[in-house]
Structure formats: structure tokens, C-alpha cells
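The next block holds one structure in the form of C-alpha cells; read it before the comments.
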Amino acid sequence: MEIENPPLEIQLAKLQAGTYYWTVKARTFDDLDITAESPHSFTITPIPPLEAVSFMQPADGSIFDADYLKNNDSIPFSWSSVKGADKYKFTIKDRNGKICFEELTANLSYILKDFSILDKEKFTWTVEAQSFVDGNVLFQGGIPVISGFTIQLPDLNKPKIKLNGVLYGK
């Protein structure tokens, strides 16, 4: 970047981690070169990640079977708060790592009511604490924590179809 006739101070927005070099090129009114002899530099170090959340519910390895799903209309997930975080990225993935559900929330819990995104298999759920500036610009990520659960349903029997005889009333 080169700025001609800059003000005395220049603010640069949202620089990434790295080393930056700057110099001043200048000439006097009578065309004498008074450019700096060598560039100056400054370094922006990476922002360390936020701490990991602690899972509270459901415990790693939880199994949700037919009885649970018959008697409950949701699966509640919850985790502890992390200092400095204002949002949490909550993700559910299937056994192949495909994202089934993802939401960014300011809450310390999520209640899953849509069972249609789940199948009979093992899933992982992840929560990552995050900090944002200006409402929607990620400033600091966290250490994602992964836990697992299983949806365990019985195998369905193939329906028996009567192929002979009277199928309809007379």
C-alpha cells in the first residue's frame, strides 16, 4: 500500500497476524530526498484461542433409544460458559463427518427438537467458544470440544403382504 501525502497518523483496520514493514519516502520542497534509510517493522502475534467449554449434557457416549425418543420430544445439549466468549458454535455431525446441524448461539444450551436430521447411528457434537467484534466479525476462536452420542433404534421388520385371497371386502 502506498499513500501519497498521508496524515501524521494512519490507522489500519483488522490486520492479520504477521510481520509488517513500513517506511517513509519524502522529498523537501527543493527536491532533496529525505527518505528513511531502512524500513521499520512491527509484528502482530496470533490471538490465542479461548478456553474449551466443558460439556455437561449429554455425557460422551450417551445412547438415545426408542424408549427415550418415545417419551421425549427433544434432546437437550448444554455446556459451561467460557470467559471472553459471547457466542458458541454448536455442531452435530454424522459418523462420516457430514454436518447435520450447525448454529451460532449466545446461549449455553440448545434443545434439539427436529429428530428428522438424525438417523440410526453414532453422532458427534462439537461446541466452540467464540468472540466477535462489531457483532459479526470473528475476533477470537476457541478450542473445539467433541462429544458423542448414539441414536439406537430397533431394526424394522419387513411388512408381510398377503398376495393371495380376497384383498378387499365383497
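The values are calculated or read from the model by the stated rules, or taken from the named source; none is laboratory data. What you see is a predicted model; the values in this text were computed from it and never measured. Using ideal geometry, Cβ is built from the backbone for each residue, glycine included, and neighbour counts are taken over all protein chains shown. Remember, those area values only see protein heavy atoms, side chains included, never the ligands or the DNA or RNA. Shrake-Rupley method; radii C 1.70, N 1.55, O 1.52, S 1.80 Å.
A few comments on the model shown:
- Of residues in the range 57-100 being in contact with a Gly (Cβ under 7 Å, 6 or more places away or on another chain) and modelled with pLDDT under 95, the one farthest from G141 (Cα to Cα): G61
- Hits in the range 106-118 - residues which are modelled with pLDDT under 95 and touching a strand residue (DSSP E or B) at 6+ places or on another chain (Cβ under 7 Å): I117, L118
This table checks each residue for (1) open to solvent by 100 Å² or more (accessible area, probe 1.4 Å); (2) among the polar types (S, T, N, Q); (3) touching a residue at least 60 places away in the same chain (Cβ under 8 Å).
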{"residue": "M1", "(1), (2), (3)": "yes, no, no"}
{"residue": "E4", "(1), (2), (3)": "yes, no, no"}
{"residue": "L15", "(1), (2), (3)": "no, no, no"}
{"residue": "G18", "(1), (2), (3)": "no, no, no"}
{"residue": "K25", "(1), (2), (3)": "yes, no, no"}
{"residue": "S38", "(1), (2), (3)": "no, yes, no"}
{"residue": "V53", "(1), (2), (3)": "no, no, yes"}
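- Where strands (runs of 3 or more DSSP E) sit wholly within the range 64-169, those with at least 3 residues that are among the charged types (D, E, K, R) occupy 87-93.
- Extreme residue, nearest to E128 (Cα to Cα), among residues of the range 55-101 that are in contact with a Phe, Trp or Tyr (Cβ under 7 Å, 6 or more places away or on another chain) and acidic (D, E): D86
- When the residues of the range 30-63 are filtered to those that are in contact with a Lys or Arg (Cβ under 9 Å, 6 or more places away or on another chain) and assigned to a loop (DSSP other than H, G, I, E, B), the one that is nearest to T126 (Cα to Cα) is E51.
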